[in-house]
Amino acid sequence: AQSVTQLGSHVSVSEGALVLLRCNYSSSVPPYLFWYVQYPNQGLQLLLKYTTGATLVKGINGFEAEFKKSETSFHLTKPSAHMSDAAEYFCAVRDNDYKLSFGAGTTVTVRA
Amino acid sequence: GAGVSQSPSNKVTEKGKDVELRCDPISGHTALYWYRQSLGQGLEFLIYFQGNSAPDKSGLPSDRFSAERTGGSVSTLTIQRTQQEDSAVYLCASSLRLAGFADTQYFGPGTRLTVL
């Protein structure tokens, strides 16, 4: 089975600062990797995904992530944080052809 | 509607009662998934439907949990004899099931279940 580790359950950044959320995965096969965001009392919204091809993936709201096979990582970044980025972020790996396995999540707080 | 919808949005029940949670997937999506989100366990896969059949029920935590899908559309997750540990947010997702595992799962807003 594949698994996901998100380093840091809480991240606090200043508005305008870099956002960096770390995700490492374990997989015995080429992985399919996803980042989802969850705003309070809402479902999960896809930010971006990596399947094949270019290792730098751009998503919505200015986020991007880079797949690094040698480091088994898929870290999420945004150059300049906005107040609206305050939410919980989940990294996920496709466990097989249907099941997603999620990390524990990282809550982002943005300071004015 | 444009997205996955779930009802009710909130459900409070007493221990021992049965509850039914409903999911309406995005029109045309053949695959449907149930996940559970709880403080102690994070996000857990429960069950997957392809059409009306459920090839994988391995995530259901006990035989008190069951799910069905009719007409390749609406799904109902039933929890019998609810226990306090069943308290969680139950999320439904749907996808087109594109080849190569590249399809995206689109999530509904969830049903927050509280068992007193």
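The values are calculated or read from the model by the stated rules, or taken from the named source; none is laboratory data. Just so you know, these numbers come straight off a predicted model, no measurement behind them. Note that we place each Cβ from the backbone using ideal geometry, even for glycine, and neighbour counts take in every protein chain shown. Side chains are part of the model used for accessible areas, which takes the heavy atoms of the whole protein and leaves out ligands, DNA and RNA. Shrake-Rupley method; radii C 1.70, N 1.55, O 1.52, S 1.80 Å.
Close amide H contacts of residue B:5 (hydrogens built in the peptide plane, cut-off under 5 Å, sequence separation of 5 or more or a different chain): B:24. Beyond 28 Å in Cα-Cα separation lie the following of the pairs A:49/B:57; A:49/B:17; A:49/B:15; A:69/B:57: A:49/B:17; A:49/B:15; A:69/B:57. When chains A and B come together, the accessible area they lose, probed at 1.4 Å and totalled over both chains, is close to 1700 Å². In terms of packing, defined here as the mean over residues of other Cβ atoms within 10 angstrom, the peptides A:84-91, A:18-25 line up highest first as A:84-91, A:18-25. Highest average first, the peptides A:27-33, B:84-90 ordered by how many other beta carbon atoms sit within 10 Å of their residues are B:84-90, A:27-33. Here region A:65-106 and region B:1-48 have alpha carbon centers that stand 22 Å from each other. For chain A, with all protein chains in place and a probe radius of 1.4 Å, 52% of the accessible heavy-atom surface sits on carbon or sulfur.
Cross-link candidates for residue B:11: which aspartates and glutamates have Cα within less than 13 Å, leaving aside residues fewer than 8 places away along the same chain? Reachable aspartates and glutamates: B:20, B:86. Mean partner shielding of peptide A:4-12, defined as the number of other chain Cβ atoms within 10 Å of each residue Cβ, is 0.
Averaged over the residues of B:64-71, the number of partner chain Cβ atoms lying within 10 Å of the residue Cβ comes to 0. List the residues of region A:74-112 for which accessible area in the full set of protein chains is at least 40 Å² lower than for the chain on its own; 1.4 Å probe, protein heavy atoms only. Flagged in region A:74-112: A:94, A:97, A:98, A:99, A:100, A:102.
Taking every residue in B:30-42 and counting other chain Cβ atoms within 10 Å of its Cβ, the average works out to 2.
Spin-label pair residue A:52-residue B:53: with each label point 7 Å from Cα along the Cα-Cβ axis, the two points sit 2.7 nm from one another.
Modelled label positions at residue B:44 and residue B:81, each set 7 Å beyond Cα in the direction of Cβ, lie 1.8 nm from each other.
Based on Cα contacts under 8 Å between residues 6+ apart, chain B shows a relative contact order of 37 percent. Around residue B:62, what is the net charge, scoring Lys/Arg as +1 and Asp/Glu as -1 over all other residues with Cβ under 14 Å from its Cβ? Computed value for this residue: -1.
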